[in-house]
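Below: one structure, written as structure tokens.
The values are calculated or read from the model by the stated rules, or taken from the named source; none is laboratory data. These numbers were taken from a predicted model, which means no experiment stands behind them. We place every Cβ from the backbone using ideal geometry, glycine too, and count neighbours over all the protein chains shown. Protein only, heavy atoms only, side chains kept; ligands, DNA and RNA dropped before computing areas. Shrake-Rupley method; radii C 1.70, N 1.55, O 1.52, S 1.80 Å.
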Amino acid sequence: MSYTLPNGSTIDLASSYSAPVAITSISNTNPAVVTATAHGFLKGEIVQLTTGWEKLNNRSFVVGNVTTDTFEIIGSQNDTTNTVFFPVGSSSGSAKSVETWVQV
């Protein structure tokens, strides 16, 4: 399989991350809301999640609205209302923000 990119396109990969922050739960809502005590993430940051939910595990998302202990995730898999794919009680894990990028 191959992909054609427009002239001038770049690809960047995460090269370092912040320390992981414990996730206590992710809501079954659209968009999903992650509970992580004193997480420190800012709106617009990119975070990678490690979670018991396969469709979110090791995926990256943009941080949406934040409070001290919660943040929304924005991205293609941020609708977690389907409890078949996102079973209640199995969403704990961790989140870490991308600190630096390397251009490929």
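Which of the residues belonging to segment 22-60 are closer than 17 Å to GLU99 by Cα and at pLDDT 95 or above?
At the first step, the residues of segment 22-60 found to be closer than 17 Å to GLU99 by Cα are 39-50, 58-60.
Once the filter is applied, which keeps residues that are closer than 17 Å to GLU99 by Cα and at pLDDT 95 or above, segment 22-60 yields HIS39, GLY40, PHE41, LEU42, LYS43, GLY44, GLU45, ILE46, VAL47, GLN48, LEU49, THR50.
Given the options THR100, THR37, name the one that is more than 9 Å from the chain's Cα centre (by Cα) and over 29 Å from ILE11 (Cα atoms). Matching residue, one of THR100, THR37: THR37.
Picking from ASN58, ASN65, which residue would you name as being within 18 Å of SER15 (Cβ to Cβ) and among the polar types (S, T, N, Q)?
Working: ASN65 fails: within 18 Å of SER15 (Cβ to Cβ).
Just a single option satisfies the conditions, and that option is ASN58.
Assuming VAL88 fulfils every condition listed in (1) more than 12 Å from the chain's Cα centre (by Cα); (2) β-branched (Val, Ile, Thr); (3) open to solvent by less than 80 Å² (accessible area, probe 1.4 Å) apart from one, which condition is it? It is condition (3) that VAL88 fails.
Grab the strands (runs of 3 or more DSSP E) fully contained in segment 1-84, keeping just those with 3 or more residues being closer than 25 Å to VAL104 by Cβ and open to solvent by less than 40 Å² (accessible area, probe 1.4 Å).
Values: elements: 12-17, 21-23, 33-35, 46-51, 59-66, 70-74.
Result: 46-51.
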